1. Whether any residue in the range 124-140 is open to solvent by less than 20 Å² (accessible area, probe 1.4 Å), among the aliphatic types (A, V, I, L, M), away from the ligand (no atom under 12 Å from the Cβ) and without any contact (Cβ under 8 Å) to a residue 40 or more places away in the chain is what I want to check.
2. If I ask for residues that are over 25 Å from residue 103 (Cβ atoms) and either free of Cβ contacts under 8 Å to residues at least 12 places away in the same chain or polar (S, T, N, Q) (or both), which ones from the range 44-54 would you list?
3. Give me a count of the residues in the range 244-274 that are touching a helix residue (DSSP H, G or I) at 6+ places or on another chain (Cβ under 8 Å), within 16 Å of the ligand (Cβ to nearest atom) and part of a helix (DSSP H, G or I).
4. Could you give me the residue pairs with C-beta distances under 8 Å whose first residue belongs to the range 200-219 and is basic (Lys, Arg), whose second residue is part of a strand (DSSP E or B) and more than 16 Å from the ligand (Cβ to nearest atom) wherever it lies, and which are 6+ apart or on separate chains?
5. Would you be able to tell me the number of residues in the range 81-112 that are open to solvent by less than 20 Å² (accessible area, probe 1.4 Å) and within 16 Å of the ligand (Cβ to nearest atom)?
6. Being at pLDDT 95 or above and at positive phi, is that true of even one residue in the range 58-76?
7. When you look at residue 178, is it within 20 Å of residue 118 (Cα to Cα), under 14 Å from the mean Cα position of the chain (by Cα) and touching a residue at least 12 places away in the same chain (Cβ under 8 Å), yes or no?
8. Give 184, 149, 95, 169 a once-over and let me know the one that is assigned to a loop (DSSP other than H, G, I, E, B), closer than 30 Å to residue 324 by Cα and of a type in the set (Ser, Thr, Tyr).
Amino acid sequence: MTNVSQRMLNLGTARSEIREAFAFAQARAAEVGAENVDDFSIGNPSVPAPATVAEAVHKLVDAIDPIKLHGYTPAQGDGQARGALADDLNRRFGTNYTADNFYLTAGAAGALCCALSALSCPGDTFIAFAPYFPEYKVFVESAGAELVTVPADIEDFQIDFAAFDQALTPNTKGVIINSPNNPTGVVYSEATIQKLAQVLTEKSKEYGHAIWLISDEPYREIVYRDTPLPWVPNYYPNTLVCYSYSKSLSLPGQRIGYVLVPPQAEDADIVYAAVCGAGRALGYVCAPSLFQLVAAECTGQTADIEIYHKNRDLLLNALRDMGYTCAQPDGAFYLFPRSLEPDARAFCERARKYDLVLVPGDSFGCPGHVRISYCVPTEQIQRALHKFEQLAAEYK
Ligand code: PLP
């Protein structure tokens, strides 16, 4: 047999629980009809990109020489596009960023891989808080570091600071946060961000090196409360923001996002250069050139998130009325209720009897819960409510 990397072979053949659930739903839909299967497994935006995206594409295709439009851009991205992104954040968050602080990437996944590879030195660890996006482990290990996880505070899914304190060591190079969160939908409060900044500042001093905060923010614009989201680098300067247009503009297939290295960060120039080096080593070359310009044209726009808001209210209120326990999800498009038996996988198996497809929390490092992706047509939620009810009745 051809000798290949065992790690890559494992990654290429092991199917994630999310993919497995999605494949089950597809297979059942082929058997019994899609209208009878309620698939809540996958986090693919169900709301189309705003019309401004198509308008920008047409405008750019008409206006720009195709050799330039479809050609390579500088590795860090088109300068004017990066400038437009800087202006947008400066307007919204009172910052002073310039084009030179942005490195455009293929989505948040590309941004996370560049940020982690840029920072990672032998022996380093990165901390993530459960429940966390399962790919963090893959990305951190690909960067040559180790992922350390902190158990969830299942009451409200803010940070359990006592558990966090135990996970921090002099080898901690960085901490990954994701708010609004996949899979809980929870938004970190300002108090949580303030406390986190305080702990990281103290520990950086104690260990004699910066602990970097990697803020993974693909859901930043998908929020259902009036209080604005805290802008993390304003609380802790050694933050790398990893952003994506996959969810906010419903463009997951176009692969566009960025790493922001704020000028206030320690050795910002060196860190930025290392991010560029990481992109080079990973073979990214440059982010998709047309969509760099589209993102710049569409600053401040989002897909119609009112549809997600309506879905959230409908499903959350109904589940709570049925007796499900669910922490307050103020963003993204996921709910993460407790399963009605301790074994979430067994619970999801039971749900499948009704062709109701959920994902166990185990793969997010948080057993005893299930993820429900409500980025689906509202009619699907209406149709599925009696299935959730029948499922709950089995436990009464
Ligand atoms: N981070 C989180 C928390 C996500 O949920 C996702 C995608 O679902 C990503 C990163 C990767 O997103 P992208 O499509 O921008 O690479």
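The values are calculated or read from the model by the stated rules, or taken from the named source; none is laboratory data. All values derive from a computational prediction rather than experimental measurement. Note that each Cβ is placed from the backbone with ideal geometry, even for glycine, and that neighbours are counted across all protein chains shown. Areas reflect the complete protein model, heavy atoms only, side chains present, ligands, DNA and RNA absent. Shrake-Rupley method; radii C 1.70, N 1.55, O 1.52, S 1.80 Å.
1. For the range 124-140, residues open to solvent by less than 20 Å² (accessible area, probe 1.4 Å), among the aliphatic types (A, V, I, L, M), away from the ligand (no atom under 12 Å from the Cβ) and without any contact (Cβ under 8 Å) to a residue 40 or more places away in the chain: present.
2. Within the range 44-54, 44, 46, 51, 54 meet the criteria.
3. Qualifying residue count, the range 244-274: 2.
4. Going by the 8 Å Cβ cut-off, the qualifying pairs are 203/172.
5. Summing the residues that are open to solvent by less than 20 Å² (accessible area, probe 1.4 Å) and within 16 Å of the ligand (Cβ to nearest atom) in the range 81-112 gives 10.
6. No, that holds for no residue.
7. Values: within 20 Å of residue 118 (Cα to Cα): yes; under 14 Å from the mean Cα position of the chain (by Cα): yes; touching a residue at least 12 places away in the same chain (Cβ under 8 Å): yes.
Against the criterion (within 20 Å of residue 118 (Cα to Cα), under 14 Å from the mean Cα position of the chain (by Cα) and touching a residue at least 12 places away in the same chain (Cβ under 8 Å)), residue 178 qualifies.
8. On the way: 149 fails: assigned to a loop (DSSP other than H, G, I, E, B); 95 fails: closer than 30 Å to residue 324 by Cα; 169 fails: closer than 30 Å to residue 324 by Cα.
None of the other options fit; the residue is 184.
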